[in-house]
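What follows draws every value from the coordinates through simple rules; no lab data is involved. Since the structure is predicted, the reported quantities are computational estimates derived from the model, not experimental observations. Neighbour counts run over all protein chains shown; Cβ positions are idealised from the backbone, glycine included.
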Amino acid sequence: MSEIHPENYSHLRNLLCERIAVHLPDDKAYLAEARLHNLAREHTHGDINALIEKACNDTGDELRCQLVEAMAINETYFFRDPIFNESFIDHMIPNLMTLRRKERSLKIWSAACSTGQEPYSIAMLLEDRFPELKDWDVQIIASDFSRKSLAKAQSGRYGLTEMNRGLPARFMALYFEQIDLEWQLKPQIRDKVSFQTINLVQQWPEDLPTFDIVLLRNVLLYFSIADRNLVLSKMRHQSRHDGYLLLGAAESLEKSSGFKPVSASKYGSFYQPS
Amino acid sequence: MATPQALVIDDSRAMRLILGDLLNQLGYETHEAGDGQQAISLLEEDQTIPTLALVDWNMPVMNGLDFIKAVREKTCYTDMKLLVVTSEAEVGHMVEALTAGADEYLMKPFSSEALASKLEMLGLRHA
């Protein structure tokens, strides 16, 4: 594997910061070497320096987009952490069903959905545990900046490694069908989620509704304080006053964030607009 | 706290070794059986009921499904979690196993992470 020249690493860091507000530390060049390996094989015979140079000098934007997508962290799996049981089943959904009993509407946003396991987990959970929501207008919107991740998410098709991580066998049997070596999510779940390309640090779509629940798990920790505050301030406007914001286990918010903590567990924290 | 016990039932010695190793790393003491019948004999001989049994599907003498059915008929094993670990990936097999009383299903090949995730799903402690 080729070693990244310092000036190319610097170009890459600037690109990531500019496009997705991710600040790659000085000493993580080895991460870039590992993550760009396949893309370099595809475009520049495995030469990572040539790949970065080509992307920087490209008149179009396509290769730069691919570079950013290849560098992004796509770690996700079905029912990531038992926070789903703790927060959704026991607290949020029952509470919101009481609060919204007149309008009978629920809007949920998985704001950095990667390859789709998070929003589909919510869809399966609602279908399985809250059949009374059948007559409600339930919208699950899932977004990510990466077109590649979204294409996979939209397909609803997963391989063995993904199916083995976090997905209860009962849900696998109920909601998936096997196609060759992969598993396809059935339309009854897949159709409940709509996907959109949204880059959290760029302009959000004007027609984005206000949400009852926003999942922003393990995202903010990669941002600078300024970007984090910007996203939170926009998120505050995008949330219903009695809605919820869910963060990952390693994340917490200051009082000045515009959100107050409702509950915390070892799996994550949830907040409401203050 | 006593070390949790796990019974690994698989006709492949290599698979028993791999699973045993992974479970040891997760804090389990493991016992092995090469088929369902041998596993039942082990359970009957032993005073301690394992917290968990990992059950292969295709085995000689008594297969995994018959083992699950036999174990679930006896009330003394109600608390023992049964995790099917198999290369049989069809949904039909999954449904059969769950209906017979298996608690979870892990498809081969799997990663140590996937095994740990299944144990967590079963509410089992691991290191």
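Using 0.36 nm per residue and subtracting the Cα-Cα separation, the extra length available between A:S105 and A:D61 on full extension is 11.9 nm.
Excluding same-chain neighbours fewer than eight residues apart, the lysines reachable from B:K81 by a Cα-Cα span under 16 Å are B:K69, B:K118. A convex hull fitted to the Cα coordinates of the stretch A:6-71 yields 72 cubic angstrom per residue. Build a GNM of chain A with springs between Cα atoms under 10 Å apart, and of A:L200, A:L253, A:L181 the one that fluctuates most is A:L181.
Given the -39500 (n - 2.57) contribution per DSSP H run of 4+ residues, what per-residue ellipticity at 222 nm results for the protein assembly as shown, rounded to the nearest 500 deg cm²/dmol?
Values: 17 runs with 161 residues, N = 401.
Here the helix-only value at 222 nm equals -11500 deg cm²/dmol.
If R0 is 35 Å, the Cβ-Cβ spacing of A:V262 and A:Q178 corresponds to a FRET efficiency of close to 0.30.
Residue-wise HN-Hα couplings along the stretch B:114-120, as the Karplus relation 6.51 cos²θ - 1.76 cosθ + 1.60 with θ = phi - 60° gives them from phi, are 5, 5, 4, 5, 5, 5, 4 Hz; Gly and Pro carry x. Using a Förster distance of 56 Å, how high is the FRET efficiency between B:E45 and A:S155, based on the Cβ-Cβ distance and rounded to 0.05? Efficiency for this residue pair is about 0.65.
Size descriptor for the stretch B:72-117, Kirkwood hydrodynamic radius: 11.5 Å (Cα pairs only, one decimal).
Both the radius of gyration and Dmax for the stretch A:1-140 are 21.2, 61 Å, in that order, over alpha-carbon atoms. Overall form of the stretch B:20-59: oblate. Here a/c, set by the Cα gyration tensor axes a ≥ b ≥ c, is 1.5 or more, and a/b is not larger than b/c. Cα-based count: Lys pairs in chain A below 27 Å, eight or more positions apart or different chains? Step by step, the pairs that qualify in chain A add up to 29.
Computed log10 I(q)/I(0) for the protein assembly as shown at 0.06, 0.11, 0.12, 0.13 Å⁻¹: -0.30, -0.93, -1.05, -1.16, from the Debye equation with unit scatterers placed on every C-alpha and solvent omitted. Taking A:G116, A:G60, A:G258 as the candidate residues, the one with maximal mean-square fluctuation in a Gaussian network model of chain A, Cα springs under 10 Å, is A:G60. Taking all Cα-Cα distances within chain B, those exceeding 19 Å account for 41%.
Compute, for chain A, the length of the dipole vector about the Cα centre, with Cβ point charges of +1 (Lys, Arg) and -1 (Asp, Glu) only. Units Debye, rounded to 20. Display every interim value, and only then the final one.
On the way: 32 positive and 37 negative charges, 183 e Å.
With Lys and Arg at +1 and Asp and Glu at -1, about 880 debye.
Over the stretch A:159-274, all Cα pairs binned in 10 Å intervals from 0 give whole-percent P(r) values of 12, 34, 29, 22, 4, 0, listed from short to long. Short to long, the 10 Å bins of the Cα pair-distance histogram for the stretch A:201-242 hold 26, 57, 18 percent of all pairs. The phi torsions of the stretch A:225-231, fed into the Karplus equation with coefficients 6.51, -1.76 and 1.60 and a -60° offset, translate into couplings of 4, 5, 5, 4, 5, 4, 5 Hz, rounded to whole numbers, with Gly and Pro shown as x.
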